[in-house]
Amino acid sequence: MDKNLEKGKSKNFILILESFIEKYKVPIAGVSALILLGLPFMGFSQYIMRIFIMIGIYSMLALGLNILTGYTGLVSLGHAGFYAIGAYTASLLSLKLGANFLVAAIGGAVLAAICGLLVSLPTLRLKGTYLSIVTLGFGEIVKMILINWDKVTNGTLGLKNIPRPSMFGLKLTLVNNGMYYLMLVLVALITLLCTLLIKSKIGRAFMSIKEDELAAIMMGIKTTRYKALAFVISAFITGITGAFYASMIGFIEPNSFTFDISTLIISIVIFGGMGTIRGMFLGSAILIAFPEVFRFLMDYRFVVYGLVLVLMMRFRPQGMLGWKSQMPYKLPKLVKESLKKNNKDNLKTQQI
Amino acid sequence: MLKISNLNTFYGHIHALKGISMEIKKGEVVSLIGSNGAGKSSTLGSIAGLVRTQSGNVTFMDKDITNMSPHNIVKLGISLSPEGREVFPALTVQENLRLGAYTKKDKVKMSESFTRVYDLFPRLKERIKQTAGTLSGGEQQMLAIGRALMSEPQLLMLDEPSLGLAPNLVLMIFELIESINKQGTTILLIEQNANMALSVSHRAYVLETGNISMTGNAKELANDPRVKKAYLGIG
């Protein structure tokens with residue numbers, strides 16, 4: 001009885017929240033855009049700004065993995081591999097060939113996407129855990145290549161002095177907040193891309209594969225092709241993020257892309273709410289800010305972090321923002337009219 | 001329209017279909033009845049391209065479709081509504097139906113299919129924006145059939161449409177099957193509920209452990225003492 005009451009309460013809370021957001025959509029969007037744009041002028045230290053940029057980076061990574069895991073239902077534990085490929089390719093392009101950031105980033109993303117395709121081809125016959133283990137192996141292989149291919153990647157010493165992006169003759173740095181704004185632009189673009197993708201025919205195909213693969217096949221959907229496509233898009237987004245990360249941090253080495261990164265990304269996706277876009281932002285904000293805020297716990301902060309995830313799995317398995325809409329269904333006009341008509345007819349027959 | 005000759009299908013070492021042959025003519029309702037494990041679903045799977053067949057032929061409108069990939073078979077005009085009404089629970093009714101028309105590119109034709117399905121199932125029209133998982137069992141079955149109809153199939157294959165439904169809903173589903181057939185769609189029906197299946201179909205095949213044991217006019221089969229005993233529980 002009590003449990004039911006509680007459930008009703010929490011549902012109402014979501015409904016209240018949703019109708020509130022629905023009502024004040026424009027002002028909320030405006031205020032949050034203003035806050036995001038004005039953040040650099042609020043006098044935060046470099047350190048804090050850097051955390052904000054890291055949150056942005058992880059939002060992008062989570063959005064990328066979300067396409068694969070949240071919508072298509074394929075769990076990848078090797079996204080650090082795509083991240084590394086994007087970062088290394090872009091850095092090498094700009095270090096050795098002097099390519100500017102845009103070209104380098106797209107180059108990195110394309111190579112990551114190609115690797116995504118190559119990984120997907122032999123693995124798409126695998127399901128669930130088996131696929132995850134193969135992707136885990138992929139992440140490790142990439143790391144090993146980076147360590148051992150000295151000539152190109154400079155081995156464990158890593159790549160130094162990666163140039164910062166410059167746009168319109170202005171060098172973007174952390175100090176002039178150029179990197180922050182570049183991050184905002186990238187996040188906005190990737191969010192837009194994901195939203196458009198999910199609402200399109202391709203997005204529906206992805207979701208149908210997650211929901212029920214057999215039924216999806218019977219609809220005439222080429223499931224293998226769409227799974228490969230999900231891998232490619234996901235790797236592309238991750239690759240771009242890698243390029244941005246490299247140019248922000250200025251120095252990369254194989255150990256920047258360990259298995260921990262892959263688990264962190266997937267934790268964000270699960271924590272925020274699989275298959276939602278809003279969840280990725282909240283998830284990365286909390287999980288990235290958490291270790292920084294709890295620095296006083298030092299050695300124990302990852303224990304707390306693990307505990308939070310365990311509790312999460314127990315009490316909110318769908319993720320922080322992974323709820324379904326509680327708003328009343330808006331019936332299309334046509335349906336409303338036909339329903340009204342039916343009601344009238346019923347009344348008439350009753351009167352007769 | 002559809003012709004199967006000497007079809008053999010294996011799952012590993014298990015010989016599921018032992019050389020079955022059958023034919024479906026345009027405009028017919030043909031039912032395939034049999035007990036659990038007789039090979040009913042394997043037959044549908046072999047036609048739809050879900051299961052690879054070892055030998056034998058499946059021809060559809062004079063075209064060999066044996067072991068073709070499923071999406072090409074859907075494009076040719078064969079549509080399967082899978083067993084246990086596998087709708088996409090987290091997607092809305094509208095999205096489910098749109099996925100059904102996945103192979104169709106023509107928007108005008110797609111809206112025509114929508115009106116056709118909504119005319120057949122007014123209940124779905126009322127629930128356009130509801131997620132499929134929140135529908136009742138009968139509604140989900142309607143959605144599964146409606147979704148299969150969205151690709152404007154020549155041949156509609158229904159795998160156990162009455163599974164787990166209340167008797168009055170079963171009646172309704174079978175009435176719908178008759179009206180879909182009257183609109184010109186040929187139907188291949190798989191059922192455990194042999195009585196109902198035989199009452200709506202023109203012809204029937206009886207499957208027993210991978211072999212076709214009996215075939216003929218549905219009414220005659222319904223009166224056959226062997227069928228009565230084995231599948232109708234009479235006698």
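The values are calculated or read from the model by the stated rules, or taken from the named source; none is laboratory data. Here the structure is a predicted model, which means the values were calculated and not measured. We place every Cβ from the backbone using ideal geometry, glycine too, and count neighbours over all the protein chains shown.
Below are the figures for this structure:
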{"read-out": "Check on residue B:35, away from chain A (no Cβ under 14 Å), of a type in the set (Gly, Ala, Ser) and surrounded by fewer than 17 Cβ atoms within 10 Å (Cβ to Cβ)", "value": "yes"}
{"read-out": "Among the candidates B:34, B:39, residue that is in contact with a Lys or Arg (Cβ under 6 Å, 6 or more places away or on another chain) and not basic (Lys, Arg)", "value": "B:34"}
{"read-out": "Residue selected from segment A:206-223 under the condition free of Cβ contacts under 8 Å to residues at least 12 places away in the same chain and not acidic (Asp, Glu), by the criterion farthest from the other protein chains (Cβ to nearest Cβ)", "value": "A:216"}
{"read-out": "Where residue B:89 falls short, out of the listed (1) within 19 Å of residue A:223 (Cα to Cα); (2) buried (at least 17 other Cβ atoms within 10 Å of the Cβ); (3) facing chain A (nearest Cβ under 8 Å); (4) not β-branched (Val, Ile, Thr)", "value": "(2)"}
{"read-out": "Test for residue B:147: is it touching a residue at least 60 places away in the same chain (Cβ under 8 Å), facing chain A (nearest Cβ under 8 Å) and touching a Gly at 6+ places or on another chain (Cβ under 8 Å)", "value": "yes"}
{"read-out": "Candidate set: segment A:156-195, residues that are of a type in the set (S, T, N, Q) and assigned to a helix (DSSP H, G or I); chosen: the one farthest from the chain's Cα centre (by Cα)", "value": "A:156"}
{"read-out": "Extreme residue, nearest to residue B:141 (Cα to Cα), among residues of segment B:92-101 that are buried (at least 20 other Cβ atoms within 10 Å of the Cβ) and facing chain A (nearest Cβ under 9 Å)", "value": "B:96"}
{"read-out": "Among (1) within 26 Å of the chain's Cα centre (by Cα); (2) exposed (fewer than 13 other Cβ atoms within 10 Å of the Cβ); (3) over 30 Å from residue A:282 (Cα atoms), the one test that residue A:146 misses", "value": "(2)"}
{"read-out": "Subset of segment A:149-177 (residues that are of a type in the set (A, V, I, L, M) and either in contact with a strand residue (DSSP E or B) (Cβ under 6 Å, 6 or more places away or on another chain) or crowded, with 18+ Cβ neighbours inside 10 Å (or both))", "value": "A:159, A:162, A:172"}
{"read-out": "Index of the failed condition, residue B:110 passing every other in (1) outside any loop (DSSP other than H, G, I, E, B); (2) under 17 Å from the mean Cα position of the chain (by Cα); (3) surrounded by fewer than 21 Cβ atoms within 10 Å (Cβ to Cβ)", "value": "(2)"}
{"read-out": "Residue within segment B:75-82 that is at the interface with chain A (Cβ under 10 Å from one of its Cβ atoms), at pLDDT below 90 and in a loop (DSSP other than H, G, I, E, B) present", "value": "yes"}
{"read-out": "Matching residues in segment B:120-142 - criterion: being part of a helix (DSSP H, G or I) and within 11 Å of chain A (Cβ to nearest Cβ)", "value": "B:122, B:124, B:125, B:126, B:132, B:133, B:134"}
{"read-out": "Unmet criterion (only one of (1) touching a residue at least 24 places away in the same chain (Cβ under 8 Å); (2) within 11 Å of chain A (Cβ to nearest Cβ); (3) more than 14 Å from the chain's Cα centre (by Cα); (4) assigned to a loop (DSSP other than H, G, I, E, B)) for residue B:105", "value": "(1)"}
{"read-out": "Filter result for residue A:322 (modelled with pLDDT of 80 or more, within 14 Å of chain B (Cβ to nearest Cβ) and either surrounded by 18 or more Cβ atoms within 10 Å (Cβ to Cβ) or within 23 Å of residue B:122 (Cα to Cα) (or both))", "value": "no"}
{"read-out": "From the options A:250, A:306, A:273, residue that is touching a Gly at 6+ places or on another chain (Cβ under 8 Å) and not aromatic (Phe, Trp, Tyr)", "value": "A:273"}
{"read-out": "Qualifying positions in segment A:232-288 - part of a helix (DSSP H, G or I), among the charged types (D, E, K, R) and closer than 17 Å to residue A:80 by Cβ", "value": "A:260"}
{"read-out": "Residue satisfying condition, being part of a loop (DSSP other than H, G, I, E, B) and at pLDDT below 95, within set A:136, A:37, A:77, A:131", "value": "A:77"}
{"read-out": "Some residue of segment B:58-71 being at the interface with chain A (Cβ under 10 Å from one of its Cβ atoms) and farther than 22 Å from residue B:6 by Cα", "value": "yes"}
{"read-out": "Residue tally, condition of a type outside the set (A, V, I, L, M, F, W, C) and in contact with a strand residue (DSSP E or B) (Cβ under 9 Å, 6 or more places away or on another chain), over segment A:180-218", "value": "0"}
{"read-out": "Matching entry among A:143, A:151 (being in a helix (DSSP H, G or I), over 14 Å from residue A:247 (Cα atoms), in contact with a helix residue (DSSP H, G or I) (Cβ under 6 Å, 6 or more places away or on another chain) and of a type in the set (Lys, Arg))", "value": "A:143"}
{"read-out": "Segment B:166-200 - residue that is under 24 Å from residue B:47 (Cβ atoms) and charged (D, E, K, R) and, of those, modelled with the lowest pLDDT", "value": "B:191"}
{"read-out": "Hey, residue A:127 loosely packed, with under 14 Cβ neighbours inside 10 Å and either free of Cβ contacts under 8 Å to residues at least 24 places away in the same chain or of a type outside the set (A, V, I, L, M, F, W, C) (or both) or not", "value": "yes"}
{"read-out": "Inter-residue pairs, beta-carbon under 9 Å, first over 17 Å from residue B:9 (Cβ atoms) and in segment B:22-41, second surrounded by 15 or more Cβ atoms within 10 Å (Cβ to Cβ) and of a type in the set (Phe, Trp, Tyr), 6+ apart", "value": "B:30/B:205; B:31/B:205; B:33/B:205; B:33/B:231; B:35/B:231"}
{"read-out": "Some residue of segment B:105-114 being among the β-branched types (Val, Ile, Thr) and over 21 Å from residue B:154 (Cα atoms)", "value": "no"}
